[in-house]
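The structure follows.
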Amino acid sequence: MHQNVVLGLVVAALIGGCGDGDPEGAGGGTTSSSQGGASSTSSGAGATSASSSQSSSASSGGGLPAGCIDYSTFTPTVVSFAADVMPVFAQRCQSCHDDPTASTYYGADSATVYQKLLDGTPKQAPHLRFVVPGDPLTSYMMAKVEYDDPGGTCPLVACSEPGCELSAPPGNPLPQAELDILRSWVLGGALND
(Lines give C-alpha, C1' and ligand atoms only; values in the text may rest on other atoms or scores of the structure.)
Protein backbone atom coordinates (compact mmCIF):
# COMPACT_ATOMS: atom_id res chain seq x y z
CA MET A 1 0.00 0.00 0.00
CA HIS A 2 2.78 2.46 0.97
CA GLN A 3 4.57 1.80 -2.31
CA ASN A 4 1.36 2.59 -4.23
CA VAL A 5 0.99 5.89 -2.38
CA VAL A 6 4.62 6.84 -3.07
CA LEU A 7 4.27 5.82 -6.73
CA GLY A 8 1.10 7.92 -6.98
CA LEU A 9 2.92 10.89 -5.49
CA VAL A 10 5.78 10.49 -7.94
CA VAL A 11 3.38 10.34 -10.90
CA ALA A 12 1.37 13.30 -9.61
CA ALA A 13 4.56 15.32 -9.15
CA LEU A 14 5.73 14.54 -12.66
CA ILE A 15 2.37 15.45 -14.20
CA GLY A 16 1.53 18.50 -12.09
CA GLY A 17 3.45 21.22 -10.38
CA CYS A 18 3.30 23.06 -7.13
CA GLY A 19 0.55 25.63 -6.73
CA ASP A 20 1.11 29.31 -6.27
CA GLY A 21 0.04 31.26 -3.26
CA ASP A 22 1.30 32.43 0.06
CA PRO A 23 -1.35 31.76 2.72
CA GLU A 24 1.03 32.37 5.59
CA GLY A 25 2.20 35.73 4.25
CA ALA A 26 5.81 34.62 4.04
CA GLY A 27 7.61 35.22 0.76
CA GLY A 28 10.54 33.04 -0.25
CA GLY A 29 13.62 34.88 -1.38
CA THR A 30 16.03 31.97 -1.38
CA THR A 31 17.72 30.28 -4.26
CA SER A 32 19.10 26.78 -4.50
CA SER A 33 21.51 25.15 -6.85
CA SER A 34 23.14 21.79 -7.18
CA GLN A 35 26.65 21.55 -8.56
CA GLY A 36 29.16 18.75 -8.38
CA GLY A 37 26.97 16.68 -6.05
CA ALA A 38 26.69 19.39 -3.38
CA SER A 39 23.59 21.45 -2.86
CA SER A 40 23.79 25.04 -1.75
CA THR A 41 21.16 27.51 -0.66
CA SER A 42 21.64 31.23 -0.39
CA SER A 43 19.69 34.29 0.58
CA GLY A 44 20.40 37.95 1.04
CA ALA A 45 21.14 37.33 4.72
CA GLY A 46 23.90 34.79 4.14
CA ALA A 47 24.49 31.38 2.66
CA THR A 48 24.61 27.78 3.72
CA SER A 49 26.11 24.83 1.91
CA ALA A 50 24.51 21.42 2.26
CA SER A 51 26.73 18.42 2.81
CA SER A 52 24.16 16.05 1.32
CA SER A 53 23.86 15.87 -2.40
CA GLN A 54 20.76 16.40 -4.46
CA SER A 55 20.30 13.85 -7.18
CA SER A 56 19.99 14.70 -10.82
CA SER A 57 18.62 12.65 -13.68
CA ALA A 58 22.09 11.33 -14.41
CA SER A 59 23.08 10.56 -10.82
CA SER A 60 19.93 8.98 -9.39
CA GLY A 61 20.95 5.46 -10.34
CA GLY A 62 20.16 4.06 -6.87
CA GLY A 63 16.44 4.55 -7.38
CA LEU A 64 16.38 8.02 -5.82
CA PRO A 65 14.08 10.30 -7.84
CA ALA A 66 15.65 13.30 -9.54
CA GLY A 67 15.67 16.39 -7.34
CA CYS A 68 15.70 14.51 -4.01
CA ILE A 69 18.48 14.82 -1.44
CA ASP A 70 20.61 11.72 -1.04
CA TYR A 71 20.74 11.36 2.74
CA SER A 72 22.99 8.30 2.47
CA THR A 73 25.91 10.72 2.06
CA PHE A 74 25.16 12.40 5.41
CA THR A 75 26.71 11.07 8.62
CA PRO A 76 24.35 11.78 11.52
CA THR A 77 25.52 12.66 15.00
CA VAL A 78 23.78 11.89 18.29
CA VAL A 79 21.40 14.72 19.15
CA SER A 80 18.79 15.31 21.83
CA PHE A 81 15.32 16.62 21.04
CA ALA A 82 15.20 18.83 24.14
CA ALA A 83 18.80 20.01 24.14
CA ASP A 84 19.48 20.32 20.40
CA VAL A 85 16.30 20.30 18.31
CA MET A 86 14.02 22.47 20.47
CA PRO A 87 16.47 25.41 20.52
CA VAL A 88 16.43 25.38 16.69
CA PHE A 89 12.63 25.44 16.69
CA ALA A 90 12.52 28.14 19.36
CA GLN A 91 14.90 30.39 17.45
CA ARG A 92 13.90 29.67 13.84
CA CYS A 93 10.30 28.41 13.80
CA GLN A 94 8.44 29.72 16.80
CA SER A 95 7.87 33.22 15.42
CA CYS A 96 5.58 31.81 12.68
CA HIS A 97 4.28 28.68 14.41
CA ASP A 98 3.61 29.83 17.98
CA ASP A 99 0.33 31.49 17.01
CA PRO A 100 -2.75 29.25 17.48
CA THR A 101 -4.18 30.72 14.26
CA ALA A 102 -1.09 29.78 12.20
CA SER A 103 -1.36 26.98 9.67
CA THR A 104 0.68 24.77 11.97
CA TYR A 105 0.61 25.61 15.68
CA TYR A 106 3.36 24.04 17.74
CA GLY A 107 3.00 25.83 21.06
CA ALA A 108 5.93 26.64 23.27
CA ASP A 109 6.49 23.43 25.22
CA SER A 110 8.58 20.58 23.88
CA ALA A 111 5.91 17.91 24.53
CA THR A 112 3.41 19.75 22.29
CA VAL A 113 5.97 20.35 19.56
CA TYR A 114 7.11 16.72 19.62
CA GLN A 115 3.54 15.37 19.38
CA LYS A 116 2.64 17.72 16.52
CA LEU A 117 5.76 16.76 14.58
CA LEU A 118 5.25 13.03 14.90
CA ASP A 119 1.44 12.79 14.87
CA GLY A 120 0.46 15.80 12.79
CA THR A 121 -0.05 16.19 9.08
CA PRO A 122 0.57 19.42 7.16
CA LYS A 123 -2.62 21.08 5.96
CA GLN A 124 -0.93 21.80 2.61
CA ALA A 125 0.04 18.12 2.25
CA PRO A 126 -2.31 15.92 4.30
CA HIS A 127 -0.95 12.81 2.54
CA LEU A 128 2.42 13.42 4.25
CA ARG A 129 3.62 13.51 7.84
CA PHE A 130 5.69 16.31 9.33
CA VAL A 131 8.32 13.85 10.54
CA VAL A 132 8.77 10.22 9.57
CA PRO A 133 11.23 8.82 12.14
CA GLY A 134 14.35 7.53 10.39
CA ASP A 135 13.28 8.91 7.01
CA PRO A 136 14.10 12.55 6.29
CA LEU A 137 13.44 11.99 2.58
CA THR A 138 9.67 11.67 3.15
CA SER A 139 9.41 14.05 6.13
CA TYR A 140 7.58 17.24 5.16
CA MET A 141 9.47 19.25 7.80
CA MET A 142 12.77 18.32 6.18
CA ALA A 143 11.47 19.27 2.73
CA LYS A 144 10.49 22.70 4.08
CA VAL A 145 14.00 23.37 5.43
CA GLU A 146 16.02 21.58 2.72
CA TYR A 147 14.51 22.71 -0.59
CA ASP A 148 13.93 26.09 -2.18
CA ASP A 149 10.61 24.74 -3.56
CA PRO A 150 9.62 22.13 -0.94
CA GLY A 151 6.50 20.91 -2.73
CA GLY A 152 7.98 20.71 -6.20
CA THR A 153 11.63 19.65 -5.93
CA CYS A 154 11.53 16.04 -4.71
CA PRO A 155 8.54 14.02 -5.96
CA LEU A 156 8.46 11.98 -2.73
CA VAL A 157 7.24 15.05 -0.81
CA ALA A 158 5.35 16.67 -3.66
CA CYS A 159 2.21 18.68 -3.05
CA SER A 160 0.31 21.28 -5.01
CA GLU A 161 -1.61 23.21 -2.36
CA PRO A 162 -0.80 26.90 -1.77
CA GLY A 163 2.04 27.15 0.72
CA CYS A 164 3.85 23.98 -0.39
CA GLU A 165 6.29 26.01 -2.42
CA LEU A 166 7.42 28.10 0.55
CA SER A 167 10.67 27.15 2.22
CA ALA A 168 11.18 27.63 5.94
CA PRO A 169 12.19 29.78 7.62
CA PRO A 170 10.96 32.20 4.95
CA GLY A 171 13.81 34.04 3.26
CA ASN A 172 16.36 32.86 5.80
CA PRO A 173 17.68 29.31 5.33
CA LEU A 174 18.92 27.42 8.36
CA PRO A 175 22.64 27.55 9.03
CA GLN A 176 24.37 24.27 8.14
CA ALA A 177 24.91 23.32 11.80
CA GLU A 178 21.18 23.62 12.56
CA LEU A 179 20.22 21.75 9.41
CA ASP A 180 22.60 18.97 10.46
CA ILE A 181 20.90 18.80 13.87
CA LEU A 182 17.48 18.28 12.26
CA ARG A 183 18.86 15.72 9.79
CA SER A 184 20.58 13.81 12.60
CA TRP A 185 17.46 13.85 14.76
CA VAL A 186 15.17 12.51 12.03
CA LEU A 187 17.71 9.94 10.81
CA GLY A 188 18.24 8.82 14.42
CA GLY A 189 14.56 7.93 14.78
CA ALA A 190 13.18 11.30 15.94
CA LEU A 191 13.41 10.29 19.59
CA ASN A 192 12.00 12.39 22.43
CA ASP A 193 14.85 12.27 24.92
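The values are calculated or read from the model by the stated rules, or taken from the named source; none is laboratory data. Computed from a predicted model, the values in this text were never measured in an experiment. Reconstructed Cβ throughout: ideal geometry from the backbone, glycine too, with neighbour counts over all protein chains shown. Accessible surface areas use protein heavy atoms only, side chains included; no ligands, DNA or RNA. Shrake-Rupley method; radii C 1.70, N 1.55, O 1.52, S 1.80 Å.
Got a sec? Which residues in region 152-189 would a label at T75 touch, if it sits 7 Å along Cα→Cβ and we count backbone N under 20 Å?
Only 176-189 pass the distance filter.
Something else now. On average, how much accessible surface per residue is there in region 82-193, in Å², for a 1.4 Å probe, leaving out ligands, DNA and RNA? Walk me through the numbers on the way to the answer.
On the way: 4340 Å² over 112 residues.
About 39 Å² of surface per residue is accessible.
Treat every Asp and Glu Cβ in region 89-178 as -1 and every Lys and Arg Cβ as +1, leave all other atoms uncharged, and give the resulting dipole magnitude about the Cα centre to the nearest 20 debye. Write out the running numbers ahead of the final one.
Values: 5 positive and 11 negative charges, 26 e Å.
Using only the charged Cβ atoms, the result is roughly 120 debye.
Still on this model: Please sort 150-157, 184-191 by packing, taking for each peptide the average over its residues of neighbouring beta carbons within 10 angstrom, highest first.
150-157, 184-191
Along Cα→Cβ, 7 Å out, is where each label goes; now give me the distance between the ones at D98 and A111 in nm to one decimal.
Using points 7 Å along Cα→Cβ, the separation is 2.0 nm.
To continue, here is another question. Residue separation times 0.36 nm, minus the C-alpha to C-alpha distance between K123 and A66: what's the value?
18.0 nm
Let's see if you can work this out: charge +1 on each Lys and Arg Cβ, -1 on each Asp and Glu Cβ, no other charges. What is the dipole magnitude of region 127-168 about its Cα centre, in debye to the nearest 20? Spell out each step's value before the answer.
On the way: 2 positive and 6 negative charges, 34 e Å.
Charge dipole, region 127-168, about its Cα centre: 160 debye, nearest 20.
Would you mind getting me the FRET efficiency between Q91 and D193? Use the beta-carbon distance for r and R0 = 22 Å, nearest 0.05.
0.65
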